[in-house]
Each structure stands twice: as C-alpha cells, then as structure tokens.
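Enquirer: Quick one: the structure is below, questions incoming.
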Amino acid sequence: MAAVSIRDVAQHAGVSVGTVSNVLNRPGEVSAESVRRVQEAIEALGYVRNDAARKLRAGVSTTVGFVVLDGQNPFFGDVVRGAEDEGSKSGIAILYGNTDEDPKRERMYLDLFEEQQVRGVLISPYGDINPRLERLRARGIAAVLVDRFSGDGRFSSVSVDSVAGGRMAVEHLIATGRRRIAFVGGPFEMRQVTDRLAGARAAAENAGEHVDLEVVATDALTVADGAAAGARIVARPRSQRPDAIFAANDLLALGLLQSLIVDGRVLVPDDIALIGFDDNVFAAAAAVPLSSMRQPSRMIGRTALRILLEETADPELIPRQTVFQPELVVRASTDPRR
C-alpha cells in the first residue's frame, strides 16, 4: 500500500495542496475551518509527515544524531552537553540515543538516524562499527567517532589516549608503594577497556621491580558491577587481596569504594588504594574522594561536532584523529595525606 501523500490529504479535505502545507507549517495563516478539515483528513487517512524529506528539500538537515555507550555515565552526559553547546552556535539540534552497551540498540539508533537523514552522526561505538558507518557515508551522512580512536583512519575521531591514561594511573599507584594491583573492568569488546588495561600492563612491566597486575573482569562499566567486584575482593583472605585497584572508569570505582568501606574490614587507601578513570562529577564528592584520570569531556563533544560540521560542508576533507591527553587527579583514595 502506497504511503499517504500531502496531495491525498488535500483531495480528502477538499482544499489545495498549498492549504495543507500551510496548516502543517504556518497554521496561523489558515482559517479555523480549513485547519479542522485538514486535521480530520490527516486523521482519517493516517498521514505521517516526512520530516526527513522536508529537510532534504529545504537543503540540509539541522539535526545531528549522537549515539553513546552509556547514558547513565556522567562522562557521556558531559560529552553530549559539549556537542549541544557547539551546535547551538550553528542552529544544530542533537538527537541523542543511549545504547547501554547493546549492539542491537546501537544498530537501531543508526537505522533511525539514517531514516531521518540527519546531517551527520557522532558515535561512541561498542565494537567494530566501520562497515555500518560506510553505509551511512554512501547515503551522504558523515560520521565521527567519539571516545574511540580510529585506528585505520577511515573516519575522523576524537578521543583520549586511554593507553597513556592506564599507564599513568598504575605508575601513580606504584609511586605510592603499591605492588599488588588489580585492574577491574570489562567487557573487553570495548576498545577503551582494552586500551586502559594495555597501559596498566606497560606500567607494571616497566616498573623496574616486580609488580603483580591481576585482571578482575566485569560485565559492564557500572556502579553495580563495581560493587560486585569489590565484594569478591573483600571476601578473599587478607593476604590475597590487592593493595591497589585501577578501575576502568569512575562508576566502577564508586561501586568498588562502596563495597570496600561498607564491609568495614578494608580501609581506603590504607589497605587498598583506588583510582578510576573519567573524573566524573561524583568522584570528588565520594565518601573517600576518588583519584581519577580526568578526560576533557565537554571539549571532546565540542571538538567532535565541529569536525563533523566541517566534513558535512566539505566531504573531500581527509579524516583526522584528535587525541587529548588525560590528566592525573590525586585525591584521598590514593593519598591519605589528602
């Protein structure tokens, strides 16, 4: 069955196509009787306005789709806010989708944004997303990777050097005298997790003395997963516990901190030092203020949107990789003097 067109609505309502268009776009310029007849025709026929087509006829869409890994993570909230701040300068609205680290939801949002013919897509992907982004590019929709380095250079990306961040975090723990370090994170399909673990391993291997680095895997980067990992660590005999933990993000670290201090058998940082990654809004306000690797979250969002708009204006631009360096923020969870 063919889709109902604006011409069908006009014929059913007994008005001109121009009148239907005015009702949809400028109802104040149309008589109340004409508005009523058009609305009744729309309801009777089941007409659905094609916003994407309207935008294409007008020249270019004023919306950008943003697909993030975890909408509950304050880091991504700040990244989206940075993109919104940048977009407001150019009249660009951000359509936001949270995949919750689910590849199916990621595909759903990309399909939706493709159907809507957004101007471009910003995405913090779960796994290998390049083939899907190539399809978007073939449809004239540019894409920029966010919080993910584009190793093959096929797409522009804006990210933080997670390998360097992992190395710096563990070097800090080693410098405070820690030698039995646990890396807590997962899933390992996420490039950010594997990069941070790679940096942690490099720091342990290059320490100049023996440093044990164990991996405590989690299913997700959430507070609940961190708390569960912390409970498993606390349940060990004291001699088998690590003396420091590097969590792959702050949400995990906050969950770990909750389990460690609620149990009462572990003091942070006296028994176990703890450092996270992101330096989100909750890190400094934790029961024991949390050391963390700070990412310039809003700057990441602003930069990503700026690059995307430049590429939509000139599709011949060569993809570029923008990599920010993380900053070590030391608080009481690794330094009792603080």
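The values are calculated or read from the model by the stated rules, or taken from the named source; none is laboratory data. The model shown is predicted, which means the values in this text are computed figures rather than measured ones. So basically every Cβ, Gly included, is an ideal-geometry build from the backbone, and we count neighbours across all protein chains shown. Please note that ligands, DNA and RNA were not included when accessible areas were found on the heavy atoms of the full protein model with its side chains. Shrake-Rupley method; radii C 1.70, N 1.55, O 1.52, S 1.80 Å.
Enquirer: If I fit a long axis through the Cα atoms of helix 74-88 and take the longest principal axis of the Cα atoms of the chain, what angle between them do I get, 0 to 90°, rounded to 10?
Expert: 40
Enquirer: Given H placed on each backbone N at 1.01 Å, which residues far from Ile245 in sequence or on other chains put an amide H within less than 5 Å of it?
Expert: Residues meeting the amide H criterion: Ala182, Ala273, Leu274, Ile275.
Enquirer: Modelled label-to-label distance, Glu310 and Asp100, 7 Å Cα→beta-carbon offset: nm?
Expert: Roughly 3.7 nm, to one decimal.
Enquirer: Hey, another quick one. Would you mind finding the longest exposed-site-free stretch of the chain, with exposed GluC sites (Glu not before Pro) meaning DSSP loop and at most 16 other Cβ atoms within 10 Å?
Expert: 1-188
Enquirer: Alpha carbon centre of segment 55-129 versus segment 136-168: separation in Å?
Expert: 14
Enquirer: Rounded to the nearest 10 degrees, what's the angle between the helix 250-263 long axis and the longest principal axis of the chain, both from Cα atoms, 0 to 90?
Expert: Orientation of helix 250-263: about 50 degrees from the principal axis.
Enquirer: May I pose another question? Can you pull the one-decimal nm distance between simple spin-label points at Arg81 and Ala175, each 7 Å off the Cα toward Cβ?
Expert: In this crude label model, Arg81 to Ala175 measures out at 2.9 nm.
Enquirer: Okay, next question. Pull out the extension gain between Asp128 and Asp270, defined as 0.36 nm times the separation in residues minus the alpha carbon to alpha carbon distance; nm, one decimal.
Expert: 47.0 nm
Enquirer: Here is a further query. Zone of Arg107 (label point 7 Å along Cα→Cβ, backbone N under 12 Å): which residues in segment 117-161?
Expert: Those under the cut-off are 132.
Enquirer: For segment 207-338, with all protein chains present and a 1.4 Å probe, just round the carbon and sulfur fraction of the accessible area to a whole percent. Intermediate values should be presented prior to the final figure.
Expert: Working: 3170 of 5920 Å².
Taking all protein chains in place, segment 207-338 shows 54 percent carbon and sulfur surface.
Enquirer: Let me ask something additional. Share of antiparallel DSSP beta bridges in the chain, in percent to the nearest 5?
Expert: For the chain, the DSSP antiparallel bridge percentage is about 5.
Enquirer: Find, among the trypsin sites (Lys or Arg not before Pro) in segment 158-226, those assigned to loop by DSSP (not H, G, I, E, B) with at most 14 other beta-carbon atoms within 10 angstrom.
Expert: none
Enquirer: I've got another one for you. Taking the chain as the reference, fit the longest principal axis to its C-alpha atoms, fit the long axis of helix 223-234 to the helix C-alpha atoms, and give the angle between the two in degrees, 0 to 90, nearest 10.
Expert: 20
Enquirer: With +1 assigned to the C-beta of every Lys and Arg and -1 to the C-beta of every Asp and Glu, and no other charges, what is the dipole magnitude of the chain about the Cα centre in debye, to the nearest 20? Mind dumping the intermediate values first?
Expert: Numbers: 40 positive and 45 negative charges, 53 e Å.
With Lys and Arg at +1 and Asp and Glu at -1, about 260 debye.
Enquirer: Same structure again: If you wrap a convex hull around the alpha carbons of segment 194-263, what volume per residue comes out, as a whole number of Å³? Show your work: numbers first, answer last.
Expert: Numbers: hull volume 6.0 nm³, N = 70.
Measuring per residue, one finds 85 Å³ for the Cα hull of segment 194-263.
Enquirer: Placing +1 at every Lys and Arg Cβ and -1 at every Asp and Glu Cβ, with all other atoms neutral, what dipole size does segment 163-269 have around its Cα centre, in debye to the nearest 20?
Expert: I would put it at about 280 debye.
Enquirer: Provide the per residue accessible area, probe 1.4 Å, for segment 136-188, rounded to a whole number of square angstrom.
Expert: For segment 136-188, the per-residue accessible area is 32 Å².
Enquirer: Running a GNM on the chain with Cα contacts under 10 Å, which residue among Thr19, Thr194, Thr99 ends up with the highest mean-square fluctuation?
Expert: Judging by the Gaussian network model, the answer is Thr19.
Enquirer: Name the residue from Phe155, Val193, Ala138 whose Cα lies farthest towards the positive end of the charge dipole of the chain, charges +1 on Cβ of Lys and Arg and -1 on Cβ of Asp and Glu.
Expert: The residue sitting farthest along the positive end of the dipole is Ala138.
Enquirer: Please list, in order along segment 198-211, the HN-Hα scalar couplings obtained from phi with the Karplus expression 6.51 cos²θ - 1.76 cosθ + 1.60 (θ = phi - 60°), rounded to whole Hz, x for Gly and Pro.
Expert: With coefficients 6.51, -1.76 and 1.60, one gets 4, x, 4, 5, 4, 5, 5, 5, 9, 6, x, 8, 5, 10 Hz.
Enquirer: Under the Karplus relation 6.51 cos²θ - 1.76 cosθ + 1.60, θ = phi - 60°, what is the ordered set of whole-Hz ³J(HN,Hα) values for segment 133-150, x standing for Gly and Pro?
Expert: Coupling constants for segment 133-150: 5, 4, 5, 4, 4, 5, 8, x, 10, 6, 9, 10, 6, 10, 6, 8, 6, 8 Hz.
Enquirer: Separate question: Let me have the relative contact order for the chain, percent, based on Cα pairs under 8 Å that are six or more residues apart.
Expert: Rounded, it is 17 percent for the chain.
Enquirer: Further, regarding this structure: Relative contact order (percent) for segment 6-49, with alpha-carbon contacts under 8 angstrom and 6 or more residues of separation? Before the final figure, lay out each step's value.
Expert: Details: 36 pairs, mean separation 18.3, N = 44.
For segment 6-49, the relative contact order is 42 percent.
Enquirer: So, one more: Please find the FRET efficiency linking Gln240 to Phe282, where r is the Cβ-Cβ separation and R0 is fixed at 25 Å, and quote it to the nearest 0.05.
Expert: About 0.25, to the nearest 0.05.
Enquirer: While we're on this one: Given that just one value was derived from the coordinates, which of (i) 38, 35, 23; (ii) 36, 24, 17; (iii) 50, 21, 16 is semi-axes √(5λ) of the Cα gyration tensor in Å?
Expert: (iii)
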